[in-house]
Amino acid sequence: MKTLSFSILSTFLLAALACSANKSTLLLTGTAPTLVSDEFTFTEGPAVAPNGDVYFTDQPNDRIYRWSAESGTIDLYIEDTGRANGLYFDNKGNLLACADENFQLWQIDQNKEVNVLADGFDQKNFNGPNDLWVDKKGGIYFTDPYYQREYWTRQAPDMEQQRVYYRSPEGDIKVVADHFVRPNGIIGTKKGKTLYIADIGDKKTYRYDIQKDGNLSAPTLFADMGSDGMTIDENGNIYLTGNGVTIFNPEGEQIGQIPIPQKWTANVTFGGKERKTLFITAGPAVYTLKLNVAGIQ
């Protein structure tokens, strides 16, 4: 995999993004994203492992790759991933995957053995699990939009609604939000009290209070912008994707924009040993960017 840097036109705002929480800068002045590789078809679902490595998918090629926090290199982790999209590590170090080939939620253990955690609701197939977040108890929130895939035989969804579900640590599944056009990106806060969900179909991102039983409060509009994937930093700033990476403070005010030279930025997470490397998946490419702020751990 080749590694190189690219220059950004000076008209784009990249440096000196102010963090409202502590007035420090998010980015080092003059820094720009570094292209790690552009040898994929469509990258998605970056998830950070406990050691800072980042795992991501090349969904059209049905593969999961691993970026090393130590060396900055990429290697193939696993093939035949169930057409994995969004990824996340559970509290025991297993890799979770939204495997939409057969509309399932997978757990991949350290031996690369697969356990299907969910494969439908109310005796109907899911639309296609897309993105997910794990709470402190081990419960899993996941979005279920409908995107017609060329590898499916079905040509229509089994259910009318495009929802967000919660899988409890005991394995029970329930609907926690169903007011969307097409839900997609999802992320929670460090203390596990707040959840953010993007409705990419309605170009909105919402905030919810998380209840003790896993249920969500009524939605509060956070930003008039949808998102494919998203992440959060230690100051509570939210990073939304699509046209590059757009950063909002906890009050929902835009405080920065990171341009990426690809048609679509699909997802983003914080990796590296100190979680200060923003790892960005964008079309055929993946990028990294060193920040002054860390992602939550």
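The values are calculated or read from the model by the stated rules, or taken from the named source; none is laboratory data. Keep in mind it's a predicted model, so treat the numbers as computed, not measured. Note that each Cβ is placed from the backbone with ideal geometry, even for glycine, and that neighbours are counted across all protein chains shown. Quick note on the areas: whole protein, heavy atoms, side chains included, nothing else; ligands and nucleic acids left out. Shrake-Rupley method; radii C 1.70, N 1.55, O 1.52, S 1.80 Å.
With the cut-off at 23 Å, report for the range 161-297 the share of all Cα pairs above it, as a whole percent. Let's see the in-between values first.
Working: 3079 of 9316 pairs.
That tail contains 33 percent of the Cα-Cα pairs.
List the trypsin sites (Lys or Arg not before Pro) within the range 231-297 that fall in a DSSP loop (any state other than H, G, I, E or B) and whose Cβ has at most 16 other Cβ atoms within 10 Å.
Values: sites: Lys263, Lys273, Arg275, Lys276, Lys290; in loops: Lys263, Lys273, Arg275, Lys276.
Listed in order of number, the matching sites are Lys263, Lys273.
Could you rank the peptides 34-44, 230-240 by their average count of other C-beta atoms within 10 Å per residue, with the highest value first?
Values: 34-44: 18.7, 230-240: 22.5.
Put in order of decreasing packing, that is 230-240, 34-44.
Return the whole-Å distance between the Cα centroid of the range 170-197 and the Cα centroid of the range 105-165.
13
Cross-link partners among lysines for Lys124, C-alpha distance below 24 Å, same-chain residues fewer than 8 apart left out?
Partners found: Lys174.
Computing the accessible area with a 1.4 Å probe over protein heavy atoms, can you report the carbon and sulfur percentage for the range 190-288?
Working: 1690 of 3780 Å².
The nonpolar share, carbon plus sulfur, comes to 45 percent.
Inverting the mean 1/r over all pairs of different Cα atoms, compute the Kirkwood radius of the range 65-150 and quote it in Å.
Kirkwood hydrodynamic radius for the range 65-150: 13.6 Å.
For the chain, what is the accessible area per residue in Å², given a 1.4 Å probe and the full set of protein chains? Each step should come with its number before you reach the end.
Numbers: 13020 Å² over 297 residues.
Ligands and nucleic acids excluded, the figure is 44 Å² per residue.
Leaving ligands, DNA and RNA out of it, report the carbon-plus-sulfur percent of the accessible area of the range 37-115 at a 1.4 Å probe. Numbers along the way, then the final one.
Values: 1200 of 3200 Å².
Exposed carbon and sulfur together represent 38 percent of the surface.
How much of the calculated P(r) for the range 250-297 lies past 15 Å, in percent of all Cα pairs?
Details: 568 of 1128 pairs.
Distances greater than 15 Å cover 50 percent of the Cα pairs.
When the convex hull of the Cα atoms of the chain is projected onto a plane and the area is averaged over all directions, what value comes out in nm²? Numbers along the way, then the final one.
On the way: hull surface 57.2 nm².
Directional mean of the projected Cα hull area for the chain stands at 14.3 nm².
Connecting C-alpha atoms closer than 10 Å in a GNM of the chain, tell me which of Leu221, Leu278, Leu87 has the biggest fluctuation.
In this elastic network of the chain, the residue with the biggest mean-square fluctuation among Leu221, Leu278, Leu87 is Leu221.
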